[in-house]
Amino acid sequence: MSWPVPGSLAFVIPRYGLEVLGGAEFAARNIAERLAARGLEVEALTTCAMDNYTWDNHYPAGEEVINGVKVRRFPIQKGKGADHHRIGTKIGLGLPVSLEEEELWINDRFRSAELFEYLTDEHRRYHTIALLPYMFWTTYACSQIAPNKNVLIPCLHDEPFTRLKIYQPVFRTARAISFNSHPEAELARSIFELPERWEVLGLGIDVPESVDGDRFRSKFGIDRPFLMYSGRREWGKNVDELVEMFGRYISRGGEDLILVLTGKGEVKIPAQVKDRVVDLGFISFEDKADGLSAALAVCQPSQWESFSHLLMEGWIVGTPVIGFGGSEVTADHIRRSGGGLIFNDEVEFQVALDLMTKHAGMRSNMGEAGKRFVLENYTWQKMIERFADRISTWALDETKVSVS
Amino acid sequence: MKILMVSPYPPLRDGIGKYAAQEVADLKKEGHEVKVLSPVPCAAHFVEDLRGGLKLLRVKRYARGFDRVIMQYQPSHYHKRPQGMSRILTSLAMFLFFRGQRNLTIVCHEIEYPDKSPRVWIQKWLERLAWKRASNVVFHTEREIQEMQKRLGLRPPASVVRPHGQHFRAAVKEDRDNARDRLGLASDRTIFLCIGFIQPHKGFDRAIEAFRLVGSERARLYVVGSTRVETPKIERHLAHLHSLAATDPRVEVRERALTDEEFDRWIIASDFVVLPYRESWSSGVFERAKLLGRPVIVSDIGGISEQAREEDVVVSNDEELAEAIASRLGTEVGSHERLSLINAHEAQELVHAEAQKLKMEVLTSGPSSSSLSVPRSSKDPSTVDEAIAWLEGTAAALPLIIPSSRRFFGPAVTAVKRTLRRMLRWYVEDPLQEVQRFHAGTILALRMVSDEVERLRQSLALAEARHPDTPIPQEPRHPDTPAAPEPTR
């Protein structure tokens with residue numbers, strides 16, 4: 001299989017690698033590898049950073065091939081950070097900032113002069129430049145080089161940074177935009193002027209070959225019903241808040257449940273619930289799938305999601321979800337699928353958890369509904385077919401415009 | 001050859017950065033290896049603060065290992081102040097750098113000259129020495145060299161004039177119809193375009209004022225660009241542009257940060273580019289318009305006239321600007337519009353003068369001497385006494401007396417304040433009455449000015465709607481306002 005136009009597809013993303021954690025990064029690598037597996041020419045243009053907190057150069061600069069994808073890494077230059085912090089605070093508080101301040105804000109965190117230079121000199125190698133996520137310097141800077149080739153995958157959240165002027169041209173001048181969900185598309189339409197071509201192509205998830213809940217229980221010594229959260233513990237994911245709400249649920253005489261957490265990062269577990277909250281840290285994909293299948297329900301407390309892998313991963317193994325309605329993406333998926341319950345505050349959380357715990361039939365139906373939803377829409381196979389088709393069509397359309 | 005470019009750089013939306021990026025691209029095509037050192041964070045290979053003190057000399061550290069250094073010179077990147085001790089230091093740095101750096105080419109985008117005050121002789125001497133020592137200096141116009149000769153008494157030994165757009169390349173390949181289609185512009189209109197960062201010195205307001213004098217239904221004027229910094233002055237200017245545009249449906253201000261492609265697309269979509277600068281030495285936008293084959297109407301300012309081709313028009317004042325626009329439309333600035341302009345301008349002067357007179361009359365003579373009488377609704381005050389009564393009676397009155405702080409403090413404090421006011425009343429009553437009279441007079445005068453301006457607006461609207469050959473009837477005017485002089489023919 002080959003692209004209908006000359007050249008390769010380039011993904012421009014600030015971090016790329018097998019060890020890199022993050023929704024957008026995971027998505028980029030999975031899409032790139034699956035396209036490469038079909039014989040399509042794909043490259044990843046990225047920096048040497050692995051950690052999105054320190055942005056230190058971790059990987060060596062240069063080229064390597066990861067699962068069929070040529071990865072070109074370029075060193076990062078870090079700013080002093082003072083202006084980024086000062087202006088970022090103003091942005092977070094909703095105070096007005098000028099274009100000059102916005103430029104200073106984004107240029108003071110990290111940059112990659114060599115990546116910018118490479119794409120400036122070599123963009124003709126690529127028929128499409130896929131940039132993600134919207135917020136980082138790599139997207140903002142590289143989107144200016146050949147905008148008629150840009151396919152933006154913004155991974156948008158409703159946060160103060162979306163209102164910055166520097167991002168307006170990034171959206172407006174792209175060849176096309178691929179959104180992960182319908183709420184994300186609606187949010188973008190409310191903030192930006194979009195190009196004519198945009199579509200909700202979504203993402204995909206890996207379907208585990210087999211799952212064994214008992215294997216999980218015996219491996220980790222968990223013999224009680226449990227609610228599960230899996231993912232990063234960082235600001236905006238509301239994991240600490242989930243632990244606190246769960247703790248209060250238990251102290252008010254809630255059902256005999258424990259809360260199982262997996263993922264990277266620190267989480268605060270109050271002393272009074274230490275026996276009811278089990279933090280397994282980072283575990284393998286197979287163990288996670290086993291755990292999700294054994295869970296009574298999956299909880300997604302995060303406010304800012306652009307796709308929410310966790311919901312899909314729970315549904316594909318037949319487990320229902322309890323999701324925070326503060327994320328429109330989470331709420332939209334649950335409404336469309338019928339695969340779980342939405343909570344908007346702590347009281348609703350407790351009621352939802354009670355219902356889930358007490359009604360096995362309802363759990364089973366919701367789990368099955370979620371599974372159908374994922375199989376119909378969000379397997380990698382379906383997603384990659386859509387994605388490859390759209391990239392090809394948009395590239396062909398652009399070629400016709402250029403010729404005319 | 002290894003070349004170090006000292007300049008801001010993309011992704012900053014900066015004219016000099018874009019200029020440098022295009023020069024870097026051409027140098028690379030010639031086979032040179034180019035690295036960029038920027039004074040501000042961007043996609044340059046190196047970033048170093050070069051502004052203030054002797055920081056410019058930090059460039060020397062980076063320049064080791066390069067065969068040539070090209071510096072895009074714009075004073076704000078290297079000097080914090082136009083004058084003063086800070087500037088003396090940075091001028092010293094300039095001298096030391098220009099003198100000591102081998103194979104240095106300086107591309108001048110703008111030069112700040114010290115004023116003629118004797119206090120700045122040290123700065124002037126240092127800068128004169130610096131430019132004298134500069135090995136290769138590139139200007140974009142001969143006029144800039146003449147200005148340096150005039151202000152510093154020298155012409156840099158190895159100075160050349162190079163076209164501003166020498167390294168420019170078009171960012172899009174479209175024709176006018178494609179460009180208009182993509183921008184959603186009508187294909188059958190004659191489009192005049194002002195484009196670039198919105199700043200007072202760009203003079204976009206002059207373009208709108210001039211365009212309004214030209215009565216052509218098929219013409220459109222677009223002002224396109226964004227602000228870069230948000231100072232009160234620039235925000236007021238932007239608001240002024242919007243308010244001017246609101247008076248003419250053919251004028252539109254589109255405020256947005258433009259990509260390089262959009263910038264060129266707008267120029268291609270236009271029929272004429274209008275650059276009514278108040279200040280500039282040379283213009284990158286002019287060069288882009290030339291590159292994209294669009295004629296330009298531009299102010300005769302700085303060295304810009306040297307950039308003009310045969311098809312461009314260089315104008316010296318607002319009248320010539322209006323005439324240039326009109327002639328491009330095959331029409332003239334209509335005599336009735338000119339009449340209206342003259343009347344409006346003179347009438348406005350009269351309103352100011354009359355309002356001043358009224359205020360003085362009220363303030364100096366007291367309420368009973370006022371002879372003011374303006375037709376208005378029965379509820380509005382027409383004399384100062386009525387104005388005072390109105391003020392005392394309405395909740396929306398200006399606060400003449402410090403209000404009781406009842407809602408913020410306890411009753412005991414309020415009582416003490418009330419007692420104090422009663423005790424002091426004999427002392428503050430007279431000044432209070434004067435204050436009241438002043439307030440009342442101000443409100444009245446402002447109302448009269450407002451009425452007069454409204455009357456003039458209606459008169460203008462009537463005149464503009466009228467057929468040019470029909471004489472303008474006399475509009476009723478305030479009895480105290482002298483008749484406007486007849487226009488000279």
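Worth pointing out:
- Meeting the requirement of 2 or more residues that are within 14 Å of chain A (Cβ to nearest Cβ) and touching a residue at least 60 places away in the same chain (Cβ under 8 Å), the helices (runs of 4 or more DSSP H) wholly within the stretch B:1-103 are B:15-29.
- Counted residues, the stretch A:165-179 - those being part of a loop (DSSP other than H, G, I, E, B) and surrounded by 22 or more Cβ atoms within 10 Å (Cβ to Cβ): 2
- Per the listing B:273, B:223, B:229, B:253, the residue uniquely open to solvent by less than 60 Å² (accessible area, probe 1.4 Å), β-branched (Val, Ile, Thr) and within 13 Å of another protein chain (Cβ to nearest Cβ) is B:229.
- Test result for residue A:53, more than 20 Å from the chain's Cα centre (by Cα) and among the aromatic types (Phe, Trp, Tyr): no
Quick grid of which residues meet (1) more than 14 Å from chain B (Cβ to nearest Cβ); (2) aliphatic (A, V, I, L, M); (3) surrounded by 14 or more Cβ atoms within 10 Å (Cβ to Cβ):
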| position | (1), (2), (3) |
| --- | --- |
| A:337 | yes, no, yes |
| A:345 | yes, no, no |
| A:357 | yes, no, yes |
| A:367 | yes, no, yes |
| A:370 | yes, no, yes |
| A:400 | no, no, no |
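- Close pairs from the stretch B:122-143: first part of a helix (DSSP H, G or I), partner of a type in the set (D, E, K, R), Cβ under 8 Å, at least 6 apart: B:123/B:87; B:129/B:99; B:130/B:99; B:133/B:99; B:142/B:306; B:143/B:306
- Members of the stretch A:184-216 found to be open to solvent by less than 40 Å² (accessible area, probe 1.4 Å) and over 30 Å from residue B:183 (Cβ atoms), listed by number: A:202, A:203, A:204, A:205, A:208, A:213, A:216
- Of all residues making up the stretch A:27-51, the number that are within 28 Å of residue A:79 (Cβ to Cβ) and surrounded by fewer than 16 Cβ atoms within 10 Å (Cβ to Cβ): 1
- Of note, residue B:190 does not satisfy the criterion of being surrounded by 14 or more Cβ atoms within 10 Å (Cβ to Cβ), within 30 Å of residue B:121 (Cβ to Cβ) and hydroxyl-bearing (Ser, Thr, Tyr).
- Identification of strands (runs of 3 or more DSSP E) wholly contained in the stretch A:24-90 with 3 or more residues that are away from every other protein chain (no Cβ under 14 Å) and touching a residue at least 24 places away in the same chain (Cβ under 8 Å) yields A:42-47, A:69-74.
- Checking B:283, B:316, B:243 one by one, the residue that is of a type in the set (Ser, Thr, Tyr), closer than 30 Å to residue B:162 by Cα and open to solvent by 60 Å² or more (accessible area, probe 1.4 Å) is B:316 and no other.
- Test for residue A:133: is it outside any helix (DSSP H, G or I) and either more than 14 Å from chain B (Cβ to nearest Cβ) or in contact with a Lys or Arg (Cβ under 6 Å, 6 or more places away or on another chain) (or both): yes
- Count of residues meeting criterion [away from chain A (no Cβ under 14 Å) and either touching a residue at least 60 places away in the same chain (Cβ under 8 Å) or not in a loop (DSSP other than H, G, I, E, B) (or both)] in the stretch B:185-205: 13
- Matching entry among B:151, B:182, B:169 (being open to solvent by 40 Å² or more (accessible area, probe 1.4 Å) and assigned to a loop (DSSP other than H, G, I, E, B)): B:169
- Given (1) assigned to a loop (DSSP other than H, G, I, E, B); (2) surrounded by 14 or more Cβ atoms within 10 Å (Cβ to Cβ); (3) not charged (D, E, K, R), index of the condition residue B:330 fails: (2)
- Residues in the stretch A:103-114 that are at the interface with chain B (Cβ under 8 Å from one of its Cβ atoms) and open to solvent by 40 Å² or more (accessible area, probe 1.4 Å): A:104, A:114.
- Selected residue (only one of A:25, A:19 is at pLDDT below 95 and under 22 Å from residue A:178 (Cα atoms)): A:25
- For the stretch A:99-130, taking the residues that are assigned to a strand (DSSP E or B) and hydrophobic (A, V, I, L, M, F, W, C), the one that is nearest to residue B:46 (Cα to Cα) is identified as A:110.
- Close pairs from the stretch A:149-165: first away from chain B (no Cβ under 14 Å), partner surrounded by fewer than 18 Cβ atoms within 10 Å (Cβ to Cβ) and in a helix (DSSP H, G or I), Cβ under 6 Å, at least 6 apart: A:160/A:92; A:162/A:191
- Subset of the stretch A:294-314 [among the hydrophobic types (A, V, I, L, M, F, W, C) and closer than 20 Å to residue A:246 by Cβ]: A:294, A:295, A:296, A:297, A:298, A:299, A:310, A:311
- The helices (runs of 4 or more DSSP H) found entirely in the stretch A:233-349 that carry 2 or more residues being out of contact with any strand residue (DSSP E or B) (no Cβ under 7 Å at 6 or more places or on another chain) are A:239-251, A:285-294, A:328-337.
- Taken together, A:100, A:117, A:122 contain a single residue that is within 8 Å of chain B (Cβ to nearest Cβ), open to solvent by 30 Å² or more (accessible area, probe 1.4 Å) and modelled with pLDDT of 95 or more, which is A:117.
- Qualifying positions in the stretch A:354-400 - under 25 Å from residue A:128 (Cα atoms) and without any contact (Cβ under 8 Å) to a residue 24 or more places away in the chain: A:385, A:389, A:393, A:400
- Number of residues in the stretch A:233-252 that are open to solvent by 60 Å² or more (accessible area, probe 1.4 Å) and either over 25 Å from residue A:19 (Cβ atoms) or touching a residue at least 24 places away in the same chain (Cβ under 8 Å) (or both): the value is 5.
- Of the residues screened, residue B:263 is one that is within 14 Å of another protein chain (Cβ to nearest Cβ) and modelled with pLDDT of 95 or more.
- Looking across the stretch A:358-385, the residues that are touching a strand residue (DSSP E or B) at 6+ places or on another chain (Cβ under 8 Å) and either of a type in the set (D, E, K, R) or assigned to a helix (DSSP H, G or I) (or both) come down to A:363, A:366, A:370, A:374, A:380.
The values are calculated or read from the model by the stated rules, or taken from the named source; none is laboratory data. Bear in mind the structure is a predicted one, so any value in this text is a computation, not a measurement. Cβ: placed from backbone, ideal geometry, glycine included. Neighbour counts: every protein chain shown. Accessible surface areas use protein heavy atoms only, side chains included; no ligands, DNA or RNA. Shrake-Rupley method; radii C 1.70, N 1.55, O 1.52, S 1.80 Å.
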